[in-house]
Amino acid sequence: MQNLIKERILVLDGAMGTMIQQYNLTEADFRGERFQDIPGQLKGNNDLLCLTRPDVIEEIHRKYLEAGADIIETNTFNATSVSMADYHMQPYCREINLAAACLARKIADEYTARTPQKPRFVAGSVGPTNKTCSMSPDVNDPAFRALTFDVLEAAYIEQMEALLEGGVDAILIETIFDTLNAKAAIRAAELSMQKTGRKVPLMLSVTVSDVAGRTLSGQTLDAFLASVQHADIFSVGLNCSFGAKQLKPFLEQLARRAPYYISAYPNAGLPNSLGQYDQTPEDMAAEVKEYIDEGLVNIIGGCCGTTEAYIARYQDLLAGAVPHKPATPSPYLWLSGLELLEVTPEINFVNVGERCNVAGSRKFLRLINEKKYDEALSIARQQVEDGAQIIDVNMDDGLLDAAAEMTTFLNLVASEPDIARVPVMIDSSKWDVILAGLKCMQGKCVVNSISLKEGEEVFIEHARMVKQYGAAVIVMAFDEKGQADTFARKIEVCERAYRILTGKVGFRPQDIIFDPNVLAVATGIEEHNNYAVDFIQAAGWIRRNLPGAHVSGGVSNLSFSFRGNNYIREAMHAVFLYHAIREGMDMGIVNPASSVLYTDIPADILERIEDVVLNRRPDAAERLIETAERLKAEKEGTSGQTSATSHLSWREGTTVEERLQYALVKGIGDYLDEDLHEALKRYPNAVSIIEGPLMAGMNHVGDLFGSGKMFLPQVVKTARTMKRAVAILQPYIEAEKTEGHSAGKVLLATVKGDVHDIGKNIVGVVMACNGYEIIDLGVMVPAERIIETAVREKVDIIGLSGLITPSLEEMVHVVSELERAGLDIPVMIGGATTSKLHTALKIAPVYHAPVVYMKDASLNAPIASRLMNFDLRASFAEELEDEYERLRETSQTRQVKTVSLSEAQKNKLDLWSEK
């Protein structure tokens with residue numbers, strides 16, 4: 001495959017799930033004879049068919065190979081213990097993967113034997129699972145993770161070892177929506193290849209979730225490329241998410257930047273209101289032709305909705321096509337959070353925010369000790385607003401569980417898009433803390449630090465692990481002899497580390513950042529006087545003699561002798577940075593809000609500071625101390641000022657409604673109490689504030705999200721702010737109630753197969769504010785649990801939520817089970833993929849009680865009120881059924897009536913009949 005791809009564009013197969021649906025398999029097909037005792041429903045567990053109906057999978061592989069596919073994927077997209085847990089099938093994961101690989105291998109080899117000039121290959125399909133490592137499924141607990149990196153990595157290792165043993169030619173990690181999940185899969189692939197002794201190409205395929213071109217976890221494609229840059233990647237590409245036309249701009253972006261072969265396998269257009277794909281093979285081929293003609297791809301295939309008919313259309317497009325030429329690798333350091341930070345020569349210095357450090361900030365330490373994480377996060381946010389391009393996080397304190405606090409804080413940072421957009425520096429002297437931090441980061445972060453102080457063996461081990469987790473690394477100038485404090489020692493240690501990292505570990509030079517030790521000057525000890533000069537000179541030597549490497553340092557260490565005098569400290573930092581940056585220091589841990597600039601320092605003070613920093617006279621320290629004492633009283637009060645007031649411009653000259661909407665969109669809770677109390681004076685009651693300006697703000701968020709101007713982590717943050725606002729209003733709502741009884745009991749659940757619950761949570765908040773008692777079952781809720789809870793709790797209404805297309809089918813299943821159970825409870829349907837048409841055609845017909853499609857969360861309370869009133873419920877149900885019937889009739893008139901192929905051939909146009 002490595003050789004062929006240079007010569008021509010290879011064809012990947014189409015969708016496995018779409019093909020399986022054509023066979024109309026029953027529950028018995030999925031159970032076979034072996035799995036009769038497995039609880040729950042197995043239908044839909046397509047990977048299981050490798051064991052129970054291998055003939056079906058074999059036939060699908062053959063159809064794609066007959067259509068001209070060069071590469072077929074194993075039927076293992078969900079064959080991990082994480083995904084199989086929903087089906088109680090974890091013990092069979094290895095067997096499924098091995099069987100799938102052997103099956104595909106057999107068919108591919110059969111076709112290769114027929115036409116040796118066109119070899120066929122097998123790609124082991126590795127899906128993203130149904131959980132995310134980067135985001136919390138609980139809007140109320142953003143630090144919580146339903147899945148850890150270690151558990152996911154172990155699941156992937158089990159899968160990949162079986163695939164490799166079964167003979168796959170490549171590992172394809174596909175439909176990546178969370179880069180942290182992908183990083184776990186990449187590391188698992190490396191470890192699995194080492195264990196099995198089989199090195200195969202590693203293919204990655206990401207899916208974007210909105211028109212802004214970000215992944216579901218919020219990353220841009222450029223940030224994604226930085227995150228996976230450490231891996232030995234064969235190809236990278238896009239699949240799912242959109243049709244070929246909508247995917248093209250993102251494919252162009254990827255092709256411009258990625259130094260790999262490019263793959264693309266889009267959906268058959270965009271799904272219709274029923275979740276089906278209408279685009280024809282001919283239409284899709286016309287769009288894919290642009291990919292080929294413009295040299296964007298090396299591998300082309302199909303995703304959701306595509307069959308062998310689509311793949312067959314590609315053959316005519318490929319004659320004489322020129323494969324894509326991978327982009328030249330960037331010569332610069334790439335780091336990323338949700339967005340890319342490319343350290344080009346134009347960026348002469350990267351500010352690393354220093355305040356999220358328990359060792360350097362008493363306030364931050366106090367907040368972490370007191371578990372006041374919201375306030376701790378505000379420190380990080382302020383640093384980003386003040387210009388920090390990287391956030392340094394350090395939890396090393398004797399009274400803290402540093403690894404646990406690092407994990408908690410980084411998980412919280414991931415939920416704050418204003419902070420998470422920048423890379424993180426994991427700062428610790430404890431290896432277990434660094435490791436804990438690495439397992440939280442979907443972006444490409446910086447590890448601070450490793451060193452040679454424990455010898456080469458430990459240094460190499462740590463460096464290899466940093467590389468495996470996809471991070472750049474800061475190397476401190478320490479070795480077995482101790483700290484390098486002179487110029488000669490600094491360059492000796494740094495050069496040795498550079499040779500080891502580039503020669504033995506395989507680090508890109510650009511990912512190596514040296515810290516030659518910023519040490520305190522003006523301490524009264526003569527040996528310390530040249531420390532700053534030694535650092536500055538070492539920075540210049542490193543940049544000239546260790547190509548690609550960068551230089552960083554903790555700048556605040558320099559002025560330790562003057563703690564308590566902020567102005568002098570900041571002035572010393574400004575002078576030091578001015579000279580160090582000129583020599584080659586291009587990164588530093590600093591206070592980005594520092595108000596002292598080199599050019600603003602008065603000449604007499606500048607002279608005395610430079611005397612100290614540049615070690616120009618023996619009495620420099622004494623002279624600066626005199627100056628510091630003279631200036632302390634007048635300068636100390638102003639030195640730490642920032643332009644904080646400029647961040648409050650959104651509150652000036654605006655109405656309370658505008659301020660509340662801005663607070664919701666930005667996720668700012670600092671002024672909610674003040675603004676909500678102002679609103680209470682203007683609105684008749686607390687509920688009307690929620691239904692009015694707060695819901696207007698949430699609707700605006702929905703519009704922004706839908707248009708790609710906000711992405712999912714921002715919406716999560718908005719939901720938390722909304723909940724906080726409701727909490728403030730709750731006492732007023734309780735006081736305003738005229739009666740103590742509940743308006744009704746409502747059960748809410750995100751259906752099985754779906755982990756999204758932001759919309760559901762908003763519905764819960766709104767209905768609770770209207771006096772309804774809410775029972776929220778959370779996400780991934782099976783039909784059995786919904787029914788059991790509904791009966792036990794005697795609920796009045798059931799609300800079903802879902803964001804992804806498979807949720808539509810599951811909703812039909814849930815409502816069918818309600819009917820089978822003989823229940824008479826009204827059902828509300830909501831979520832991004834739901835529609836009134838789908839509800840009318842698919843859900844309502846299988847249930848006799850009212851099934852109401854809810855377009856907007858603000859409608860739930862008034863609709864619930866009608867459903868709860870038995871006098872109004874009957875008439876409402878009749879209105880609803882009439883509307884649904886009209887939709888069904890309209891849908892039927894829009895449908896194109898088709899005839900069989902044989903009948904169509906009989907009616908063909910005969911051009912010669914009258915001649």
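Bear in mind these aren't lab numbers, they're just calculated from the coordinates by the rules spelled out. Since this is a predicted model, take the numbers as computed values, not measurements. So basically every Cβ, Gly included, is an ideal-geometry build from the backbone, and we count neighbours across all protein chains shown.
Distance between the 7 Å Cα→Cβ label points at H677 and D316: 7.3 nm.
Against the empirical curve 2.2 N^0.38 Å, the C-alpha radius of gyration of the range 218-305 lands at a ratio of 1.12. Taking every C-alpha pair closer than 8 Å and separated by at least 6 residues, the mean separation divided by the residue count of the range 744-895 gives a relative contact order of 23 percent.
Normalising by residue count, the range 156-205 has a Cα convex hull of 61 Å³ per residue.
Annotation: for a label point projected 7 angstrom from Cα along Cα→Cβ of D670, residues of the range 678-704 with backbone N closer than 19 Å are 678. Convex hull volume of the Cα atoms of the chain, normalised per residue: 210 Å³.
Shape analysis of the range 381-461 yields a ratio of the Cα radius of gyration to the Kirkwood radius, Rg/Rh, of 1.00.
When the Cα positions of Y567, L12, A28 are compared along the charge dipole of the chain, L12 comes out farthest toward the positive end, with charges on each C-beta of Lys, Arg, Asp and Glu.
Sorted on the mean count of surrounding Cβ atoms within 10 Å across their residues, most packed first, peptides 261-270, 583-592, 500-509, 208-217 read 261-270, 583-592, 208-217, 500-509. Computed from label points 7 Å out along Cα-Cβ, the spacing between K363 and Q2 is 5.4 nm. M425 sits among other residues whose Cβ lies under 12 Å from its own Cβ, and their net charge, with Lys and Arg +1 and Asp and Glu -1, is -3. Given the pairs K183/K363; K289/K855; K372/K504; K43/K666; K131/K430, which are separated by over 32 angstrom at their Cα positions? Check vs 32 Å cut-off fails for K183/K363; K289/K855; K372/K504; K43/K666. Residues whose amide H falls under 5 Å from that of M828, counting only those 5 or more places apart or on a different chain, are I798, G799, L800, V852, with hydrogens built in the peptide plane.
Sort out for me the Cα centre separation of the range 24-89 from the range 819-874, rounded to whole Å. The range 24-89 and the range 819-874 have Cα centres separated by 34 Å.
Given their separation in residues at 0.36 nm each and the Cα-Cα distance between them, D604 and R464 gain 45.4 nm when the chain is fully extended.
Computed over Cα pairs, the Kirkwood radius of the range 434-528 leads via Stokes-Einstein (1.306 mPa s, 10 °C) to a diffusion coefficient of 113 µm² per second.
With R₀ fixed at 56 Å, the C-beta to C-beta distance from A286 to R630 puts the FRET efficiency at about 0.10.
So if the hydrodynamic radius of the range 3-318 is defined as the Kirkwood radius over C-alpha pairs, what does Stokes-Einstein give as its diffusion coefficient at 4 °C and 1.567 mPa s, in µm² per second? Calculated translational D: 66 µm²/s. Under 5 Å from the amide H of T306 lie the amide H atoms of A15, A268, each residue being 5 or more positions distant or on a separate chain, with H modelled from the backbone and absent for Pro and chain starts. Helices in the chain, meaning DSSP H runs of at least 4 residues, each add -39500 (n - 2.57). Divided by all residues, the mean residue ellipticity at 222 nm is -14000 deg cm²/dmol. Rounded to the nearest 20 debye, the dipole size of the range 744-895 about its Cα centre is 220 debye, using +1 on the Cβ of Lys and Arg and -1 on the Cβ of Asp and Glu. Kirkwood-type hydrodynamic radius, the range 744-895: 15.2 Å, calculated from all non-identical alpha-carbon pairs. Per residue, the convex hull spanned by the Cα atoms of the range 196-257 measures out at 101 cubic angstrom. Here the Karplus curve 6.51 cos²θ - 1.76 cosθ + 1.60, taken at θ = phi - 60°, turns the phi angles of the range 242-248 into couplings of 9, x, 4, 5, 6, 7, 4 Hz, with x standing for Gly and Pro.
Ranking I843, S263, A212 by Cα position along the charge dipole of the chain, where only Lys, Arg, Asp and Glu carry charges on their C-beta atoms, puts S263 farthest toward the positive end. Computed from the C-beta positions of T655 and E27, the FRET efficiency with R₀ = 60 Å rounds to 0.55. Along the charge dipole of the range 3-318, Cβ charges K/R +1 and D/E -1, which of L48, L191, G166 sits furthest on the positive end? In the range 3-318, that residue is L191.
Based on Cα contacts under 8 Å between residues 6+ apart, the chain shows a relative contact order of 8 percent. For the range 68-182, the fraction of alpha-carbon pairs lying more than 24 Å apart is 32 percent, rounded to a whole number.
The range 552-584 to the range 303-321: how many Å between their Cα centroids? Taking the Cα centre of the range 303-321 as reference, the centre of the range 552-584 is 62 Å away.
How many angstrom lie between the C-alpha centres of the range 104-146 and the range 338-352? One Cα centre to the other: 34 Å. Principal semi-axes of the equivalent ellipsoid, √(5λ) from the alpha carbon gyration tensor of the range 133-244, are 25, 18, 11 Å from largest down. Here, the range 65-133 has an Rg and a Dmax of 14.5, 44 Å when only alpha carbons are counted.
Tell me, what is the FRET efficiency for Q276 and Q246 to the nearest 0.05, using R0 = 22 angstrom and their Cβ-Cβ distance as r? Approximately 0.85, to the nearest 0.05.
Overall, the chain carries a charge dipole of about 1300 debye about its Cα centre when +1 sits on the Cβ of Lys and Arg and -1 on the Cβ of Asp and Glu, all other atoms neutral. In plain terms, the residue of F487, F535 with the fewest other Cβ atoms within 10 Å comes first and the most crowded comes last, giving F487, F535. Check cross-link reach from K490 to the aspartates and glutamates: straight Cα distance under 16 Å, and skip same-chain residues fewer than eight apart. K490 reaches D479, E480, D515, E527, D534, E583.
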